[in-house]
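Report on the structure given below.
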Amino acid sequence: MGIGWLPEMGGQDDGGEEQGRARDGEEPLAEEWGLWLASSLGDLRDRRLLRVQRPTIALKSSTRALVPDAQLADWAAGIEPQGVVARYAGPASARSGSSAASAAAAPRHGVSELTLFSTNDYLGLGSHPEVCAAAADAALRLGMGPRSSAVVGGTTTLHRELEEALADLKGTEDCLLFPTGFAANMAVVASLCESGGCDVFSDELNHASIVDGARLAMRGGGGASAGPNRLHVYRHNDMAHLEQLLLAATDSADSAQPAANSASSVSIASSAARGQQRGSGGSGSSAGAAGGQRQQQQQRSRHRRRLVVTDSLFSMDGDFAELRALAALRARHGFMLVVDEAHATLVCGDTGAGAASAAGMSHCVDVHVGTLSKAAGALGGFVACTLDMKALLLNKGRSYVYSTALPLPVVAAALTALRVSAREPWRRAHVWALAARLGRALGVPALSPVVPLVLGGEVEALAAAGALLTQHHMHVPAIRPPTVPQGTCRLRVSLSAGHSIADVDALAAAVSGLGLTLAALPSLVRQAEERRRPGAWSPEVGVGYGSRL
């Protein structure tokens, strides 16, 4: 296993300039901008929210990395790097052109190996030999591929092969690739809201990409006939609250002012409804039935469109959307349902199709959003949907139209990851077994490979993360507001098929040894109880594959 690139310890950047000082030839910022920048960074420092780069030394591993010993204590204490971060260079043997094997055997002086419980490589595919070989082969044979927008000249047959494979996985007509999952959510929400007249209903714990897509949508649309877009945020997984907002939005549909509890909106006729309308016009339908259908369509057209958008597996809490309840509400209220399966794709269900599939609700989801940067171990986002929806996003999705297509090595890696996932289902079984094992050991609900260890206060969470880093060489990040609500600061454990049983047992022992008092999120407790009821759906794969790592 190669050790990647080692730092030249103690070196300075070429110019030797101090951090923050303008380099030769650089003009200083205008005074008003300099004051604003200093104030903004000062505010983040005062609130202990300033993020800084903490480079690790990469290994060919989904669960391991190296860190210079000189930086470890500062990292744990949250101390900002002083001066310019040292540049990285390979070992002398690697720079002189010697073999990869000898570079891998280079001594690791002044560095420590970390066990990572902080990445989203849930199946360990980011370092799988076949996935790595596919990326390397594509790079050597094809380079990066056309560096062009996908709609201009960037789409290749390899891109289409990946799109078709993802559509097959999700059971949809087609699929559209995006540069990131963030870009996919931005394009979906903003495109569906472009013409105005939309009410968007969003879970309060949805990912930032959904939040930003909704914010962008609220600034667009709003034609005189359609009315403004409006946003309604419902309490996390509270289906009664969502239905209240749906009914209130319907009652106020003729009003030009947003509802008191709203700030935006979205929706469009579901693909299932469109299919039923097309089918009812076939041979044997009467003129009366056709007339009734037109009247029904005209009646619907006088109402605002409604869109409900949710994560399927929430990235900070590790719980799931109420997918069956959402499907029931969709049947009653006729909204479009968009589900972001970023953390569930390849993780949930017997085939890795996601949480909606595991719940038996895929047919009720109108738009499936996903990512290739988590369980697929690569990079990129996608939207699996109907042909008509793909055509809309291809033309209206600005984050698609104005972005360069994914590099071919990334596409080849993702395509191979899908094949490996299908061939090696034990990876899903293993990561689910690890989650259950950690939950039992610590006495907390562990409903997914994302296991939150809730401590409450910021000081406690930061201290625990620092202790795990320095005393046990485990990277378990502390998550604080504004990412999570006040009073719910936590350690976010992210498990991978690349972890062993020994890794998880060591983590449980380390956490227990710190004497922490762990709280359980109410939503996790409730869902854990529901899973034990007869007929409840489970996101896990079937047992029987066994642990292989």
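The values are calculated or read from the model by the stated rules, or taken from the named source; none is laboratory data. Predicted, not measured: the structure shown is a model, and the values here were computed from it. Heads up, the Cβs are rebuilt from the backbone with ideal geometry, glycines too, and the neighbour counts pull from every protein chain shown. Note: accessible area is taken over every heavy atom of the protein model, side chains too, but ligands, DNA and RNA are not part of it. Shrake-Rupley method; radii C 1.70, N 1.55, O 1.52, S 1.80 Å.
Here are a few things to note about the model shown:
- Given (1) open to solvent by less than 30 Å² (accessible area, probe 1.4 Å); (2) under 21 Å from residue 321 (Cβ atoms); (3) aliphatic (A, V, I, L, M); (4) modelled with pLDDT of 95 or more, number of the condition residue 131 does not satisfy: (2)
- Filtering region 151-167 to residues that are open to solvent by 20 Å² or more (accessible area, probe 1.4 Å), in a helix (DSSP H, G or I) and in contact with a Pro (Cβ under 9 Å, 6 or more places away or on another chain) leaves 152, 153.
- Among the residues of region 472-484, those identified as closer than 23 Å to residue 314 by Cβ and assigned to a strand (DSSP E or B) are 475, 478, 479.
- For residue 373, the stated conditions do not hold, so it cannot be described as touching a Pro at 6+ places or on another chain (Cβ under 8 Å) and more than 24 Å from residue 536 (Cβ to Cβ).
- Complete set of residues in region 168-196 that are surrounded by 24 or more Cβ atoms within 10 Å (Cβ to Cβ), closer than 27 Å to residue 241 by Cβ and in contact with a strand residue (DSSP E or B) (Cβ under 8 Å, 6 or more places away or on another chain): 181, 184, 185, 188, 189, 192, 193
- Of all residues in region 39-67, those satisfying the criterion of being more than 28 Å from residue 457 (Cα to Cα) and of a type outside the set (D, E, K, R) are 57, 58, 59, 61, 62, 65, 66.
- Residue match in region 71-94 (condition: of a type in the set (A, V, I, L, M), touching a Pro at 6+ places or on another chain (Cβ under 7 Å) and either exposed (fewer than 12 other Cβ atoms within 10 Å of the Cβ) or at pLDDT 65 or above (or both)): no
- Scanning region 233-246 for residues that are without any contact (Cβ under 8 Å) to a residue 60 or more places away in the chain and either touching a Lys or Arg at 6+ places or on another chain (Cβ under 9 Å) or open to solvent by 10 Å² or more (accessible area, probe 1.4 Å) (or both) yields 233, 235, 238, 240, 241, 244.
Yes or no, residue by residue, for (1) assigned to a loop (DSSP other than H, G, I, E, B); (2) β-branched (Val, Ile, Thr):
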| residue | (1), (2) |
| --- | --- |
| 448 | yes, no |
| 462 | no, no |
| 467 | no, no |
| 470 | no, yes |
| 486 | yes, no |
| 502 | no, no |
| 505 | no, no |
| 512 | no, no |
